[in-house]
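Student: For reference, the structure I am asking about is given below.
The values are calculated or read from the model by the stated rules, or taken from the named source; none is laboratory data. Computed from a predicted model, the values in this text were never measured in an experiment. Note that we place each Cβ from the backbone using ideal geometry, even for glycine, and neighbour counts take in every protein chain shown. Areas reflect the complete protein model, heavy atoms only, side chains present, ligands, DNA and RNA absent. Shrake-Rupley method; radii C 1.70, N 1.55, O 1.52, S 1.80 Å.
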Amino acid sequence: MERSRIAVAGASGLIGGALARSLTSDGHEVVRLVRRAPRAGEVRWDPERRSVDAAGLAGCDAVVNLAGAGVGSRRWTDEYKARIRSSRVDGTAALAEALAGLPEDVRPRVFVNGSAIGYYGETGDRSVDESAPPGEGFLPEVCVAWEAAADPAREAGVRTVFARTGLVVARGGGAWGRLFPLFRAGLGGRMGDGRQYWSFVALHDEVAALRHLLDTDGLSGPFNLTAPHPVTNREVTEAMSRVLRRPAVFPVPAPVLRTVLGEMAGDVLGSARVLPARLQESGFRFAFPRIEGAIRAAL
């Protein structure tokens, strides 16, 4: 990819920050979307009001939207569920409408929008790829609305891609950001019966996949950003114990998780066996296709 100008929403987050650093280190110009008064190299936006300074996006080669309230950041009250939804849907709509409104000669060619494997809901032991329909429940409903909000950009001819991301293996945030300290302290253990599938992706591969989606002409629609070998929570627990050389003898029973986490416990105890079919068909190769390698890469 020649030197490009890429706008990134969510650049202060785990994935967005890693993507911005990767792009910058390779000589690309990253324009960060911010909610405060912008400085050089930044563009002001207000996703809650579906507002963005569209002029700041003019001339960019691509826009990447990874913004959204953390799904696992706190207990799912009705108020926080509304925030999870609105932070994704309204932000995506603001960017899609801004892109559609720009003159064609300065309109970014690519819009990579975040999504999640929550789209598929509970899959049990059944493997699913991008051809599967959405599941039922809160997260599938959010993901469907999230992706639909990008329609204005797609209809304006912008190549629009949805990155349905799995559980990112990284020390700096997400589910593994909470797991690493527990396991290092010898307090790790399976969650519930441990038979639920976790579809993971190493942070390195997440960033590489996003760049592959940016760089590869002709790719559009949904792509699962998950390693090709999803594992059960029990297997995750065993791998963490081996890599960190700590016992993992403190299982957390399902009733306790439901009491502590409320509705969000369904996301922890639910099973999502998701495969990256389209990503692999497009020529992408994972550096860390298996869980133990992904954990080691995060250390």
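Student: Show me the ranking of peptides 201-214, 152-165, 39-52 by mean Cβ neighbours inside 10 Å, starting with the highest.
Tutor: 201-214, 152-165, 39-52
Student: Go through 229-238, 109-118 and give me the packing order, highest mean Cβ count within 10 Å leading.
Tutor: Highest to lowest by the protection proxy: 109-118, 229-238.
Student: Here's a follow-up. Name the residue farthest towards the positive end of the dipole of the chain from the options Ser73, Thr232, Gly189, assuming +1 on Cβ of Lys and Arg, -1 on Cβ of Asp and Glu, about the Cα centre.
Tutor: Gly189
Student: In addition: Please identify the helices of the chain, taking whole runs of DSSP H, that span at least 30 Å along their own axis as judged from the Cα atoms and have a mean Kyte-Doolittle score of -1.0 or higher.
Tutor: TM-like helix candidates: 78-101.
Student: Next question. Measure off, as a whole percent, the carbon and sulfur share of the 1.4 Å-probe accessible area of the chain, all protein chains present.
Tutor: 49
Student: Here's a follow-up. Give the shape of region 60-157 as rounded, prolate or oblate, defined through the alpha-carbon gyration tensor: a ≥ b ≥ c are the square roots of its eigenvalues, a/c under 1.5 means rounded, and otherwise the shape is prolate if a/b is larger than b/c and oblate if not.
Tutor: oblate
Student: I'd like to check one number: the per residue accessible area of the chain, probe 1.4 Å, reported in Å² as a whole number.
Tutor: 45
Student: With θ set to phi - 60°, apply the Karplus curve 6.51 cos²θ - 1.76 cosθ + 1.60 along region 111-118 and write out the HN-Hα couplings as whole Hz, x wherever there is a Gly or Pro.
Tutor: Along region 111-118, the couplings run 10, 9, 10, x, 7, 8, 6, x Hz.
Student: If I take every Cα pair under 8 Å that is 6 or more residues apart in region 31-104, average their sequence separation and divide by the length, what percent do I get for the relative contact order?
Tutor: RCO, region 31-104: 32 percent.
Student: Separate question: Could you check the simple spin-label distance between Arg36 and Ala58, using points 7 Å along Cα→Cβ, in nm with one decimal?
Tutor: Each label point lies 7 Å from its Cα, and together they span 2.7 nm.
Student: Below 8 Å between Cα atoms, with a sequence gap of 6+, how large is the relative contact order for the chain in percent?
Tutor: Once divided by the residue count of the chain, the mean separation gives 18 percent.
Student: Mind listing the long-range amide H neighbours of Asn65? Cut-off is under 5 Å, sequence gap 5 or more, other chains count too, H placed in the peptide plane at 1.01 Å from N.
Tutor: Amide H neighbours of Asn65: Ala9, Val112, Asn113, Gly114.
Student: Long-range amide H contacts for Gly189: which residues qualify at under 5 Å (H placed 1.01 Å from N, peptide plane, sequence gap of 5 or more or a different chain)?
Tutor: Sorted by chain and number, the residues that satisfy this are Phe250.
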